[in-house]
Amino acid sequence: MIEDVTRENWFPTTQLGVTPEQTAHFSAPVVYWLAESRFESHFRPMTLSRGGTPVGFLVYGIDPDDDEYWLITFMIDHRSQGQGLGRQALRTFLEHFDRTHPQTAIRLGHHPDNVVAARLYDSFGFTPTGERIGGEVIRERPAVTAPVAEDAS
Ligand SMILES: CC(C)(COP(=O)(O)OP(=O)(O)OC[C@H]1O[C@@H](n2cnc3c(N)ncnc32)[C@H](O)[C@@H]1OP(=O)(O)O)[C@@H](O)C(=O)NCCC(=O)NCCS
């Protein structure tokens with residue numbers, strides 16, 4: 001389930017974290033993103049939960065500098081990784097995104113050595129654009145076009 005960060009779930013969401021090894025590629029904790037989202041009004045932080053318990057976190061939003069939507073950060077808590085939740089959460093997020101932002105492309109960046117994230121993003125159609133920003137590999141998932149009506153002729 002994907003939901004906004006609220007008065008009820010913000011604290012357990014701040015308790016989520018990655019492994020010490022993953023901090024090499026993914027250093028900012030959830031509290032940092034919640035603080036930044038408080039002041040960057042175009043950021044939307046969201047909690048990913050299973051059975052009512054937060055297991056992951058993401059932030060997405062439009063970048064006013066380039067007018068593009070970005071999945072700014074995405075993580076699954078280290079205690080819940082490797083159980084299919086990352087794939088499930090990304091699918092749920094993209095369904096939410098396509099519903100709320102029809103026919104809109106979305107971009108993201110990841111550390112070049114983060115092969116788990118790279119494969120996961122690749123499998124959802126996030127293709128490298130060839131750009132590097134701050135050393136990160138930039139990927140874009142093109143806008144999902146509306147299904148063609150059967151009697152379109
Ligand atoms: C990337 C991340 C979100 C994946 O979450 P997860 O819940 O572990 O992912 P899943 O269990 O759904 O697995 C997704 C795929 O990655 C693979 N995978 C997961 N952990 C892996 C590992 N340690 N080594 C190799 N493959 C791994 C799975 O086999 C699966 O592959 P498949 O679906 O093709 O069979 C999680 O590892 C994470 O939060 N990492 C730290 C933060 C980060 O790097 N975020 C993304 C960059 S912005």
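The values are calculated or read from the model by the stated rules, or taken from the named source; none is laboratory data. On a predicted model such as this, the values are computed, not experimentally measured, just so you know. All Cβ positions, even for glycine, are placed from backbone atoms using ideal geometry, and neighbour counts span all protein chains on display. For accessibility, only protein heavy atoms count, side chains too; no ligands or nucleic acids. Shrake-Rupley method; radii C 1.70, N 1.55, O 1.52, S 1.80 Å.
General observations
- Applying a threshold of 8 Å to beta carbon distances and a minimum spacing of six or more residues, or different chains, the list of pairs starting in region 18-46 at a residue that is under 12 Å from Phe57 (Cα atoms) and of a type in the set (D, E, K, R) and ending at one that is modelled with pLDDT of 95 or more and outside any loop (DSSP other than H, G, I, E, B) reads Arg44/Asp4; Arg44/Ser37; Arg44/Val59; Arg44/Tyr60; Arg44/Gly61.
- If you filter region 90-118 down to residues that are within 7 Å of the ligand (Cβ to nearest atom) and buried (at least 19 other Cβ atoms within 10 Å of the Cβ), you find that the one that is nearest to Thr145 (Cα to Cα) is Leu108.
- Test result for Thr6, of a type in the set (Ser, Thr, Tyr) and either within 26 Å of Val115 (Cα to Cα) or in a strand (DSSP E or B) (or both): no
- In region 103-118, the residues that are charged (D, E, K, R) and closer than 18 Å to Leu58 by Cα: Arg107
- Summed over region 11-32, residues that are assigned to a helix (DSSP H, G or I) and open to solvent by less than 40 Å² (accessible area, probe 1.4 Å) total 3.
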